[in-house]
Amino acid sequence: MDGPQGVNEARALLAGARRVVALTGAGISAESGVPTFRGDGGLWKRHRPEDLATPEAFARDPRLVWEWYAGRRSAVAACRPNQGHIALARFALASEAVLVTQNVDGLHERAARDAAGATDQDPSPALPLELHGSLFHDRCSGCGRVSAASATVDPSAVAALPRCGDCGGLLRPAVVWFGEALDAEVLGRAFAAARTADVCLVVGTSALVHPAASLPMATLEGGGTVVEVNPDETPLTRFAAVSIRQRAGDALPVLLGQDARRREWRPPNA
Ligand code: OAD
């Protein structure tokens, strides 16, 4: 179902839910200016993932991989959370919703800190489970230690690349690459939330990459429903009770009961 009737139904499902899990993908950040992976102009249309986003690529040419990630870091740092991130952050602060993202851009976290700061709240309930890691952390390719991202990365030569303060190994971005396993604890928490959710709100993902794309199925198996927000149809659409064909920044404030014309915001079930 779509259209105004779909929006009303989705609002009602979300307002009536005791537990919501939200799964986001690159589409939620598109309106912030962060490119998606598979659409027109998508990153994987312009680059080959096997050259840039695999452990083998890093072993072969760490300088090239860092050049790309340093560019992504500075491009994303210049972007700002949009109305979609903000609506989800406010919703999570006001409810027990769990946010799960495939994105590595840190925009959910920035929205959480902004929203919590505005109301003097603890941002933790609105911090997402980052299934694919974070562009803004480094991990040592030797000992595995995770640290805050190096302030600046000079990708002009291998000798200039950042190294681990503990073991001297080459640092790499703390993102999950093709062929790598997701963090088991993060994944376990995401599936636990999905299995017990009344509604899984899926926003801006092509639903092609597993295990993330299996989370809505866990909600369905647990007896919950799926609401999708995506301008395009995806493999998940046929499993969704409602699929809203809108952009995230337009749809989410409405679905989550945050009318932009009202200065005071109340959760949808208030
Ligand atoms: P994709 O690029 O595969 O899909 C983005 C989805 O967002 C598409 O279905 C678009 O229709 C939709 N979309 C575009 N603009 C939108 C908007 N304004 N509002 C809502 N939806 C919009 O990105 P992901 O599904 O996130 O993994 O990709 C999943 C994973 O594949 C990524 O995390 C990344 C990639 O390889 C790793 O790097 C491990």
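The values are calculated or read from the model by the stated rules, or taken from the named source; none is laboratory data. These numbers were taken from a predicted model, which means no experiment stands behind them. Positions of Cβ are backbone-derived with ideal geometry, glycine not excepted, and every protein chain shown enters the neighbour counts. Just so you know, the surface numbers come from the protein's heavy atoms only, side chains and all, with ligands and any DNA or RNA stripped out. Shrake-Rupley method; radii C 1.70, N 1.55, O 1.52, S 1.80 Å.
Listed here are the residues, each with its yes/no results for (1) more than 16 Å from the ligand (Cβ to nearest atom); (2) open to solvent by 40 Å² or more (accessible area, probe 1.4 Å); (3) without any contact (Cβ under 8 Å) to a residue 40 or more places away in the chain; (4) under 17 Å from the mean Cα position of the chain (by Cα).
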| position | (1), (2), (3), (4) |
| --- | --- |
| Pro155 | yes, no, no, no |
| Ala160 | yes, yes, yes, no |
| Arg163 | yes, yes, yes, no |
| Gly168 | yes, no, yes, no |
| Arg172 | no, no, no, no |
| Asp183 | no, yes, no, yes |
| Val186 | no, no, no, yes |
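Quick one: would you say Gly16 is under 21 Å from Ala207 (Cβ atoms) and either touching a strand residue (DSSP E or B) at 6+ places or on another chain (Cβ under 9 Å) or open to solvent by 70 Å² or more (accessible area, probe 1.4 Å) (or both)?
So Gly16 does not fit the description; no.
From (1) open to solvent by less than 10 Å² (accessible area, probe 1.4 Å); (2) among the hydrophobic types (A, V, I, L, M, F, W, C); (3) part of a loop (DSSP other than H, G, I, E, B); (4) within 11 Å of the ligand (Cβ to nearest atom), pick out the condition that doesn't hold for Val202.
(3)
In the set Arg11, Arg38, which member is modelled with pLDDT of 90 or more and away from the ligand (no atom under 12 Å from the Cβ)?
Criteria check complete, one pass: Arg11.
For residues that are β-branched (Val, Ile, Thr) and farther than 17 Å from Gly27 by Cβ, scanning just the stretch 86-137, find the one that is farthest from the ligand (Cβ to nearest atom).
Among residues in the stretch 86-137 that are β-branched (Val, Ile, Thr) and farther than 17 Å from Gly27 by Cβ, the one farthest from the ligand (Cβ to nearest atom) is Thr119.
Those residues that are open to solvent by less than 40 Å² (accessible area, probe 1.4 Å) and part of a loop (DSSP other than H, G, I, E, B), I need them from the stretch 207-240; list them, please.
Ala207, Pro211, Gly224, Asn230, Thr234, Leu236, Ala240, listed by residue number.
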